Amino acid sequence: MGKGGASIPDEEWERFLREAEAGTQGAPEEPSARARMVARRLREEPGRPEGWRTYQPARRPRGKGWYVAGLLVAVGLLVVALDPGRVVGWFGGGSGESAPLAAESERPDQPPATEAAAQLPTVEEPFRGSPAARWADGTAGIHMPAARATGWMSKEQVAQALDRTRDFLAASSLDPAVLRGERPKKAIALINPHQQDVQDYLATAFRAPSRENDPLLLFSRFEKTKVRLVGDVVKTRGRITYQEGKRGAVEVTTDVTYVYPVVRAAAGSDEVARTIVRREVVVSWDNPAKVVIEPGTFSLVSYKADTTNGGCDTFTGYLTPEFSAERAATGSGDGPEVDPYDRSTSMDARMREADDAECGTATRS
């Protein structure tokens, strides 16, 4: 209704709808992860759209395994169970026994091979028996593409955006203080403070973590009173890609697997377990002339996480790896088998294959 109760003319209403869809020129908009996530799901997954942090009730098919884990379909937190008796040798013996892999510049066409003999990790060789023994350390395992002018950014600006995106991955998933359970302040500082739904999620996730508000979707944290990392190396494998996004933004997609070797926090503990986290985080480096954003920050588009031996149906805000005693007590896991080192499958495909199963079974750690 117009002033005095007059109706809006049809042509004015149609113009308003067209501008709302395209974005009114010259009027910056506040980004919404909820809107972005729904749009992405509508493009990639036919069917009824859902909220960006919506949880679907789990269906629990029968399965066999040890490490227990959990899946949030859509924002996707998948955690899996693993049976050590099934773990029959994988890549190499210890560190240095096999040549390092070249960087992953594109998606592999098959999972890493396995070998005949099982080789368990030790404090001296925490990646022993794992394909990660051939992976690079820290950010060195994340392939960076060449920068080129894209959208509203010059080549130099794109290069800076890629570097800062990698900085976010380091601050959220590799920073020693964050891994010890501290708040990821550096990583959060890179997220657009005007993206209100994301800011609300972050505030709630650290204050009162839950299924719908789980900080592990974006950050790797262990409770230091219960476990500690073995050494100072986290093995990684993954890549960063980018394309032009909405309103000329530079949309950057990161797909990285992190392998964390841990022992119990008690002094003298020497049983090594591994927690494996694969995250796909998509961010948008928006044009400040079109989106309300602070310089040097990005807007979150979407994120998914697939976690092995990090906890199943546990929403404490920390990764909770199990050791032999816990595995013996909890018994088998439910759900489909998953190879946590298989990067030949996209995260979207993995979420679809998992369906709405809450806990899966890892074939190896």
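The values are calculated or read from the model by the stated rules, or taken from the named source; none is laboratory data. The model shown is predicted, which means the values in this text are computed figures rather than measured ones. With ideal geometry, Cβ positions are generated from the backbone for all residues, glycine too; neighbour counts draw on all protein chains shown. Accessible surface areas use protein heavy atoms only, side chains included; no ligands, DNA or RNA. Shrake-Rupley method; radii C 1.70, N 1.55, O 1.52, S 1.80 Å.
Does residue 252 count as in contact with a Phe, Trp or Tyr (Cβ under 6 Å, 6 or more places away or on another chain), within 16 Å of residue 214 (Cβ to Cβ) and not small (Gly, Ala, Ser)?
When the stated conditions are applied, residue 252 does not pass them.
In this structure, does residue 280 turn out to be modelled with pLDDT of 95 or more, open to solvent by 10 Å² or more (accessible area, probe 1.4 Å) and within 22 Å of residue 352 (Cβ to Cβ)?
yes
What about residue 289, is it open to solvent by 10 Å² or more (accessible area, probe 1.4 Å), more than 25 Å from residue 109 (Cβ to Cβ), free of Cβ contacts under 8 Å to residues at least 40 places away in the same chain and of a type outside the set (D, E, K, R)?
no
Please enumerate the residues belonging to the range 109-132 that are surrounded by fewer than 20 Cβ atoms within 10 Å (Cβ to Cβ), in contact with a Gly (Cβ under 7 Å, 6 or more places away or on another chain) and closer than 25 Å to residue 239 by Cβ.
The answer is 114, and nothing else.
Of all residues in the range 82-121, which are modelled with pLDDT under 80 and either of a type in the set (D, E, K, R) or not in a loop (DSSP other than H, G, I, E, B) (or both)?
82, 83, 84, 85, 86, 97, 115
Determine if the range 237-246 includes at least one residue that is assigned to a strand (DSSP E or B), in contact with a helix residue (DSSP H, G or I) (Cβ under 8 Å, 6 or more places away or on another chain) and either modelled with pLDDT under 95 or over 19 Å from residue 302 (Cβ atoms) (or both).
Start the filter on the range 237-246 by keeping residues that are assigned to a strand (DSSP E or B), which leaves 237-244.
Imposing the further condition that a residue be in contact with a helix residue (DSSP H, G or I) (Cβ under 8 Å, 6 or more places away or on another chain) reduces the set to 237-238, 240, 242.
So of that shortlist, the ones also either modelled with pLDDT under 95 or over 19 Å from residue 302 (Cβ atoms) (or both) come out as 237.
Yes, the range 237-246 contains a residue that is assigned to a strand (DSSP E or B), in contact with a helix residue (DSSP H, G or I) (Cβ under 8 Å, 6 or more places away or on another chain) and either modelled with pLDDT under 95 or over 19 Å from residue 302 (Cβ atoms) (or both).
I'd like the full set of residues that are aliphatic (A, V, I, L, M), assigned to a loop (DSSP other than H, G, I, E, B) and surrounded by 19 or more Cβ atoms within 10 Å (Cβ to Cβ), limited to the range 208-232.
Of everything in the range 208-232, those that are aliphatic (A, V, I, L, M), assigned to a loop (DSSP other than H, G, I, E, B) and surrounded by 19 or more Cβ atoms within 10 Å (Cβ to Cβ) turn out to be 218, 230.
Does residue 334 fit the bill of being under 24 Å from residue 133 (Cα atoms), at pLDDT below 95, among the charged types (D, E, K, R) and buried (at least 16 other Cβ atoms within 10 Å of the Cβ)?
no
Restricting to the range 339-365, and then to whatever is in a helix (DSSP H, G or I) and touching a Lys or Arg at 6+ places or on another chain (Cβ under 9 Å), can you tell me which residue is modelled with the highest pLDDT?
Among residues in the range 339-365 that are in a helix (DSSP H, G or I) and touching a Lys or Arg at 6+ places or on another chain (Cβ under 9 Å), the one modelled with the highest pLDDT is 347.
So, in the range 133-173, how many residues would count as being under 30 Å from residue 206 (Cα atoms), hydroxyl-bearing (Ser, Thr, Tyr) and open to solvent by less than 30 Å² (accessible area, probe 1.4 Å)?
Within the range 133-173, residues that are under 30 Å from residue 206 (Cα atoms), hydroxyl-bearing (Ser, Thr, Tyr) and open to solvent by less than 30 Å² (accessible area, probe 1.4 Å) number 3.
Okay, residues lined up against (1) among the aromatic types (Phe, Trp, Tyr); (2) buried (at least 23 other Cβ atoms within 10 Å of the Cβ); (3) under 19 Å from the mean Cα position of the chain (by Cα):
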residue	(1), (2), (3)
293	no, yes, no
305	no, yes, yes
323	yes, no, no
326	no, no, no
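List every residue pair whose Cβ atoms lie under 7 Å apart, where the two residues are 6 or more positions apart in sequence or sit on different chains, the first residue falls within the range 246-262 and is without any contact (Cβ under 8 Å) to a residue 60 or more places away in the chain and open to solvent by 10 Å² or more (accessible area, probe 1.4 Å), and the second residue, located anywhere, is outside any strand (DSSP E or B) and among the small types (Gly, Ala, Ser).
Within 7 Å, the pairs are 251/245.
Criterion first (surrounded by fewer than 19 Cβ atoms within 10 Å (Cβ to Cβ), of a type outside the set (A, V, I, L, M), assigned to a loop (DSSP other than H, G, I, E, B) and out of contact with any strand residue (DSSP E or B) (no Cβ under 8 Å at 6 or more places or on another chain)) does residue 193 satisfy it?
Details: surrounded by fewer than 19 Cβ atoms within 10 Å (Cβ to Cβ): yes; of a type outside the set (A, V, I, L, M): yes; assigned to a loop (DSSP other than H, G, I, E, B): yes; out of contact with any strand residue (DSSP E or B) (no Cβ under 8 Å at 6 or more places or on another chain): yes.
Yes: the conditions hold for residue 193.
What's the total number of residues in the range 141-175 that are under 18 Å from the mean Cα position of the chain (by Cα) and not acidic (Asp, Glu)?
Of the residues in the range 141-175, 15 are under 18 Å from the mean Cα position of the chain (by Cα) and not acidic (Asp, Glu).
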